[in-house]
There are 2 protein chains.
Amino acid sequence: MKPVAFLTGLTGFIGGKLAERLLAGGWTVHASLRSQSDAHGLRDEVIVHRVGGSVGELTDTLSQAAPDVVFHLASLYLADHRPEQVDELISSNLLFPCRLAEAMAGAGITRLVNTGTAWQHYGTDAYNPVNLYAATKQACVDLLRYYHDARDLSLITLKLFDTYGAGDKRRKIVQLLVDAAVSGERLGMSPGDQILDLTHVDDVVGAFENAAARLVGAERPLCEEYLISGERVSVRELVDIVSKSLGLPVHAEFGARAYREREVMVPVEGDLATSLPGWSRGRSLRSSMAELVRR
Amino acid sequence: MKPVAFLTGLTGFIGGKLAERLLAGGWTVHASLRSQSDAHGLRDEVIVHRVGGSVGELTDTLSQAAPDVVFHLASLYLADHRPEQVDELISSNLLFPCRLAEAMAGAGITRLVNTGTAWQHYGTDAYNPVNLYAATKQACVDLLRYYHDARDLSLITLKLFDTYGAGDKRRKIVQLLVDAAVSGERLGMSPGDQILDLTHVDDVVGAFENAAARLVGAERPLCEEYLISGERVSVRELVDIVSKSLGLPVHAEFGARAYREREVMVPVEGDLATSLPGWSRGRSLRSSMAELVRR
């Protein structure tokens, strides 16, 4: 029997890559799509379910799909929110995953890989959210904990740092620097001394696969969290890596903009949680630069 | 200048009593009321604001009221929820307080007394929610933590156990037993060996007053949580206290119903947090029974 996955966040960068990897690995892949989401360009093999707002509908969908593992990657990311965006953050990052967990309990589906963020840990605190987005991610784990404690949910939360990889349409720093190197455009930047923690999307996807296998192999419900930590370089070092790897100058204007309020200067260390057993980083920044050049 | 309070949850049992106490203590009392709430029977002195859903509207209301302290008591309490009630729990217990904190930040209002529940601690765990209601209370504190860390919110969360007092219209155990003693009605009960932690509403209101004073006197933003623990008696002992205090038999049928799933047999001990400084219990069950007899 082929293993069955149910994904949220299929249209996102990591979700799309995870779907490809699961399909290649012989999984049957179901995905929920919000009714307003664009399904254009999605892989045909993915079985797409348009879901509305009710727990009942989601329960029926999960009962039919009967996934071995649910991968929850859908989320609304806002580095800084405006007051009127509180509602969207709560809806996407708390209401939806709570409905999902409730529907899983109703359908008898027990295994969930959830996505968190290293930004739950500003400075070195066990919990100190960088922004409201990170606070909703922490609060979500609190809600899921009820489903673990009372409803047998088996749960692993992967807390991601920054990610990169070919085909990334998010305006993230690695791709912006590669694009600037190619175009020769000047790039106004912060002073650039903050340390980044960067993981290639292939490695991130590997962490999700690994967590799924861990849930499938567990004898009793888990409730675990792991930081998925990659390569650590300062922004200035990253500019240097991009430039040298591609053999092109990057016209970075350091100090053209100030640091963000609550800029993370040094990412949290992995000792807040042990590493995800069996997972390690395979890809490096230097070896990945060429593939990031858009054709 | 009279101190100014802004209350949510005015129409609830504790909220109503707190409003009376604050008025008696010389406070100006503002309260937000959801547009569908019944304002019938509320004290005339309370300045009621009908609030809709937007952060902007709430920000304007808070700017005008300019409270020294916001008391957040509004919440949706469900001992057990049905799947379709997930939305109401998230909306009442996470979306609304997040909007409130966002509006406070926007209006420059910094002091908040928040209400939690001892049910965030099933067994002796630092966090193990008895039910989804308790999980939303924990998640709420994690959202508020962002406003503390990033927006200077000064916050005290009071985690309540069971409460009682004259005029309580909630179907809570102390009042039910008093009513049964007076009516002579038989009462089908669980086996009755679970320990309750009971605080008179006057003492609970005193804890809110105390927390407000603590926030006003603090030199920098606080982020504190306190368990408000009262008298501990088993259900069987409570039946005995009611019966002896009123000189009336209580026809309790122990074992007529089973314990609730995840019934709290022994409430969490106060060592999870130090006690609220300066607060102690003044009222006892025995001395309060007579006032609970409805006339």
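The values are calculated or read from the model by the stated rules, or taken from the named source; none is laboratory data. Being a predicted model, the structure only gives us computed values, none of them experimental. Positions of Cβ are generated from backbone atoms using ideal geometry, with glycine treated the same way; all protein chains shown enter the neighbour counts. Each accessible area value is taken on the protein alone, full model and side chains, heavy atoms only, with ligands, DNA and RNA left out. Shrake-Rupley method; radii C 1.70, N 1.55, O 1.52, S 1.80 Å.
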> In segment A:126-148, what residues are of a type outside the set (Ser, Thr, Tyr) and touching a residue at least 24 places away in the same chain (Cβ under 8 Å)?
Replying inline: A:ALA126, A:VAL130, A:ASN131, A:LEU132, A:LYS137, A:ALA139, A:CYS140, A:VAL141, A:LEU143, A:LEU144, A:ARG145, A:HIS148
>> Here's a check for you: in segment B:131-157, which residue that is out of contact with any strand residue (DSSP E or B) (no Cβ under 8 Å at 6 or more places or on another chain) and more than 8 Å from chain A (Cβ to nearest Cβ) is surrounded by the fewest Cβ atoms within 10 Å (Cβ to Cβ)?
In response: B:ASP152
> Which residue, of A:GLY230, A:GLY184, A:GLY282, A:GLY278, is over 23 Å from the mean Cα position of the chain (by Cα) and not hydrophobic (A, V, I, L, M, F, W, C)?
Replying inline: A:GLY184
> Just one of A:VAL70, A:VAL86, A:VAL55, A:VAL51 is β-branched (Val, Ile, Thr), within 10 Å of another protein chain (Cβ to nearest Cβ) and out of contact with any Cys (no Cβ under 8 Å at 6 or more places or on another chain); which is it?
Replying inline: A:VAL55
> Being within 14 Å of another protein chain (Cβ to nearest Cβ) and either β-branched (Val, Ile, Thr) or assigned to a helix (DSSP H, G or I) (or both), is that true of even one residue in segment A:176-183?
Replying inline: no
> Is there a residue in segment B:103-113 that is at pLDDT 95 or above and over 16 Å from B:VAL70 (Cα atoms)?
Replying inline: no
> Which condition number does B:GLU219 fail, the rest of (1) touching a residue at least 12 places away in the same chain (Cβ under 8 Å); (2) more than 13 Å from the chain's Cα centre (by Cα) being met?
Replying inline: (1)
> (1) modelled with pLDDT under 95; (2) over 15 Å from the mean Cα position of the chain (by Cα); (3) open to solvent by less than 40 Å² (accessible area, probe 1.4 Å): which one isn't true of A:ASP168, the others all being true?
Replying inline: (2)
> Considering segment B:91-113 alone, what residues qualify as being at the interface with chain A (Cβ under 9 Å from one of its Cβ atoms) and either surrounded by fewer than 23 Cβ atoms within 10 Å (Cβ to Cβ) or free of Cβ contacts under 8 Å to residues at least 12 places away in the same chain (or both)?
Replying inline: B:SER91, B:LEU95, B:ALA105, B:GLY106
> What residue, among those in segment A:114-130 that are of a type in the set (Val, Ile, Thr) and more than 9 Å from chain B (Cβ to nearest Cβ), is surrounded by the most Cβ atoms within 10 Å (Cβ to Cβ)?
Replying inline: A:THR115
>> Restricting to segment A:80-126, count the residues that are among the aromatic types (Phe, Trp, Tyr) and closer than 23 Å to A:GLN36 by Cβ.
In response: 1
>> Could you go through segment A:201-214 and let me know if any residue there is open to solvent by 10 Å² or more (accessible area, probe 1.4 Å), at pLDDT 95 or above, touching a strand residue (DSSP E or B) at 6+ places or on another chain (Cβ under 7 Å) and away from chain B (no Cβ under 14 Å).
In response: yes
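Can you pull out every residue in segment A:10-39 that is in a loop (DSSP other than H, G, I, E, B), touching a strand residue (DSSP E or B) at 6+ places or on another chain (Cβ under 9 Å) and open to solvent by 20 Å² or more (accessible area, probe 1.4 Å)? Please lay out each step first, then the result.
Quick first cut of segment A:10-39, residues in a loop (DSSP other than H, G, I, E, B) only: A:10-12, A:25-27, A:35-39.
Still in the running and touching a strand residue (DSSP E or B) at 6+ places or on another chain (Cβ under 9 Å): A:10-11, A:27, A:35, A:37, A:39.
Within segment A:10-39, A:THR11, A:TRP27, A:SER35, A:SER37, A:ALA39 qualify.
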> Which residue out of B:PRO267, B:PRO277 is open to solvent by 40 Å² or more (accessible area, probe 1.4 Å), in contact (Cβ under 8 Å) with a residue 24 or more places away in the chain and assigned to a loop (DSSP other than H, G, I, E, B)?
Replying inline: B:PRO277
>> If a residue must be assigned to a strand (DSSP E or B) and open to solvent by 50 Å² or more (accessible area, probe 1.4 Å), how many such residues does segment A:243-259 contain?
In response: 2
>> Please determine whether any residue of segment B:82-90 is basic (Lys, Arg), crowded, with 19+ Cβ neighbours inside 10 Å and under 22 Å from B:LYS137 (Cα atoms).
In response: no
